[in-house]
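Each reported figure results from applying straightforward, stated rules to the coordinates on display, with no laboratory input. Note that the coordinates shown come from a computational prediction; the quantities given were computed from them, not determined experimentally. Backbone-built Cβ (ideal geometry, glycine too); neighbour counts: all protein chains shown.
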Amino acid sequence: MRYSEYKCFRFGFDAGVAFVSIDHPPHPRLVAETFMPYETNQELPDSVRHVLPTHAQDIFREAFNHAWDEYAGDEARSFRVAWAAVKREYGKDESGRWVRTAS
């Protein structure tokens, strides 16, 4: 994607969103990802992807993205909302694996 096609960016590890003008594009090393934090489950953090079943990952991703929009990029709050959404339908069994508990 060319710099002129970007409308907004998330920089580094900061959860803030910065809008940039096309006349002054950011340096390529500053651009971490586009506005939508997670478009696919493959983009989820390893700590989520490696422990949750696929359906729970879908729930996490959708809840995180909605919370991200709702709370203006507050990453910590978005993670709390996403985990709460997962816990409504999933819980850990005796062995510590996440399993579906709601019907």
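Using mean Cβ contacts within 10 Å as the protection proxy, how do 76-84, 46-54, 93-101, 59-67 order, highest first?
So the peptides 76-84, 46-54, 93-101, 59-67, ranked by packing, come out 59-67, 76-84, 46-54, 93-101.
Using the Cβ atoms and a cut-off under 13 Å, what net charge is assigned to the surroundings of residue 77, where Lys and Arg are +1 and Asp and Glu are -1?
-3
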In the neighbourhood of residue 100 defined by beta carbon distances under 13 Å, the net charge of the other residues (Lys, Arg +1; Asp, Glu -1) is +1
